[in-house]
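Notes for the one structure printed next.
The values are calculated or read from the model by the stated rules, or taken from the named source; none is laboratory data. None of the values given here were measured: they were computed from a predicted structure. Every residue, glycine as well, gets a Cβ built from its backbone with ideal geometry; the counts of neighbours run over all protein chains shown. SASA here: full protein model, heavy atoms, side chains in, ligands and nucleic acids out. Shrake-Rupley method; radii C 1.70, N 1.55, O 1.52, S 1.80 Å.
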Amino acid sequence: MIEIEDVTKRFETKKGAVEALSNVSLSIEKGQIYGIVGYSGAGKSTLIRLINKLEKPTAGRVMVDGEDITKLKAQLLRKRRQNIGMIFQQFNLFKAKTVADNIKYPLKLSKKYSKEQLDARVDELLQFVGLLDKKHDYPAQLSGGQKQRIGIARALATEPEILLCDEATSALDPETTDEILRLLKRINRELNITIVLITHEMEVVKTICDEVAVMEKGRIVEQNKVFELFTNPKHPTTKRFVHSVLNDDIPIEVDTTKRRVYRFIFNHQQILEPVLSQIGRKYDVDFNILYGSITELTDRLFGNLLIEAVGPDYQVQLALIELNQHGIEIKEVEGFES
Ligand SMILES: Nc1ncnc2c1ncn2[C@@H]1O[C@H](COP(=O)(O)OP(=O)(O)OP(=O)(O)O)[C@@H](O)[C@H]1O
Ligand SMILES: [Mg+2]
């Protein structure tokens, strides 16, 4: 478990102090894929770099598995860092080393492995990321996606329990991004590694994260499970981020002053249609679907429908209550002038 407790981080610069983090608290359970999203300069990299003490907080504590890592002496810190792998947007591979030697580097530093173990471990890691045939190549001979796979293999070399990813897919095209995200998910599920992932792309959060924190100007403005955050964003910045991937605008042609419109939010696509027509019939209400989208959020489906309800007021209310009892969240779209 990672616990960031009331951390403030100030950088002293020639132009004065910059407060990159202001009283940030966050806890990340073991086994999670935890996303941190925010615009440029929000403090994401500073925050994630606290976890392996690449940055030291000005105030506050950073606890990893119950140990305050800000207090660790150099030698113990080096040891603890073997437990925390990290990958970067620009891959940060050693250009003059082969793929195999890049992966060997942290293994040699750890001094835990014999020569035979080193070679076996490199092969095993390359196999895992699907690049055994590139063993003797140099980074310059690889595509961006392949470089990141090698970065991942290197980060996993010392069998860490935590993997930090700082914009690991931001330099990649969408298809390669998907491949890397699938690999990260496998690492999380098969190797049971906790992943903390920074991104400015909500698409990434939506695809693999379990929980997410939204940052702005050095603060966490909202934090929640991915499904809850997408279906019920509260802070304006969160709403903007969510909106960037879920187009839930009301179409211009839908005049909400003349039609009684509701937004239905649900997560069991299959139950919706029969339930709608059944309950509509029961209360003599017509439900017209004006707009709809179904989105996959991590492992769950998220349906978002704009529905017009036509019928006597009282009947409509009864029908909505019953729909709500079927697990459909209903929000009235304002504007209707009855
Ligand atoms: N070493 C440093 N010295 C001075 N200021 C810094 C330093 N590192 C970060 N900052 C400042 O702290 C703030 C947060 O920076 P940080 O790199 O954490 O943001 P970020 O959310 O990762 O942004 P990006 O999406 O652009 O990577 C910025 O104002 C930045 O200029
Ligand atoms: Mg950054």
> So which pairs qualify, if the first residue must be in segment 88-117 and in contact (Cβ under 8 Å) with a residue 12 or more places away in the chain, the second must be part of a loop (DSSP other than H, G, I, E, B) and open to solvent by less than 30 Å² (accessible area, probe 1.4 Å), the Cβ gap must be under 6 Å, and the two must be at least 6 apart or on different chains?
Replying inline: Q89/E167; N102/L93; I103/A157; P106/A157; P106/T158; L107/A157; S110/T158
>> Based on this model, can you work out whether L109 counts as open to solvent by less than 50 Å² (accessible area, probe 1.4 Å), hydrophobic (A, V, I, L, M, F, W, C) and in a helix (DSSP H, G or I)?
In response: no
> Can you find even one residue in segment 118-131 that is among the β-branched types (V, I, T), in a helix (DSSP H, G or I), under 30 Å from T46 (Cα atoms) and open to solvent by less than 50 Å² (accessible area, probe 1.4 Å)?
Replying inline: no
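So that you can scan it fast, the table gives a plain yes or no per residue for (1) open to solvent by 30 Å² or more (accessible area, probe 1.4 Å); (2) closer than 26 Å to K185 by Cβ; (3) within 16 Å of ligand 2 (Cβ to nearest atom):
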| site | (1), (2), (3) |
| --- | --- |
| N23 | yes, no, no |
| I36 | no, yes, yes |
| K44 | no, yes, yes |
| L47 | no, yes, yes |
| L50 | no, yes, yes |
| R80 | yes, yes, no |
| Q90 | yes, yes, yes |
> Can R121 be described as in contact (Cβ under 8 Å) with a residue 24 or more places away in the chain, within 30 Å of V212 (Cβ to Cβ) and more than 16 Å from ligand 1 (Cβ to nearest atom)?
Replying inline: no
> For segment 1-36, what are the residues that are within 23 Å of E201 (Cβ to Cβ) and out of contact with any Ser or Thr (no Cβ under 9 Å at 6 or more places or on another chain)?
Replying inline: L26
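Name the one entry in I198, I208, I187 that is under 20 Å from E3 (Cβ atoms) and of a type in the set (A, V, I, L, M).
Of the residues listed, the single one that is under 20 Å from E3 (Cβ atoms) and of a type in the set (A, V, I, L, M) is I198.
When you go through E273, E228 one by one, which is the residue that is closer than 30 Å to V37 by Cα, open to solvent by 50 Å² or more (accessible area, probe 1.4 Å) and of a type in the set (D, E)?
E228
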>> So, in segment 162-195, exactly how many residues are among the aliphatic types (A, V, I, L, M) and within 13 Å of ligand 2 (Cβ to nearest atom)?
In response: 3
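Being surrounded by 13 or more Cβ atoms within 10 Å (Cβ to Cβ), closer than 30 Å to A42 by Cβ and in contact with a strand residue (DSSP E or B) (Cβ under 6 Å, 6 or more places away or on another chain) narrows it down to one of R259, R263, R240, R300, so name that one.
Values: R259 fails: closer than 30 Å to A42 by Cβ; R240 fails: in contact with a strand residue (DSSP E or B) (Cβ under 6 Å, 6 or more places away or on another chain); R300 fails: in contact with a strand residue (DSSP E or B) (Cβ under 6 Å, 6 or more places away or on another chain).
Only one candidate qualifies: R263.
How about segment 20-93: which strands (runs of 3 or more DSSP E) wholly inside it have at least 1 residues that are away from ligand 1 (no atom under 13 Å from the Cβ) and within 29 Å of A171 (Cα to Cα)? Can you show your working first?
Numbers: elements: 33-38, 59-64, 84-88.
Of the strands (runs of 3 or more DSSP E) lying wholly inside segment 20-93, those with at least 1 residues that are away from ligand 1 (no atom under 13 Å from the Cβ) and within 29 Å of A171 (Cα to Cα) span 33-38, 84-88.
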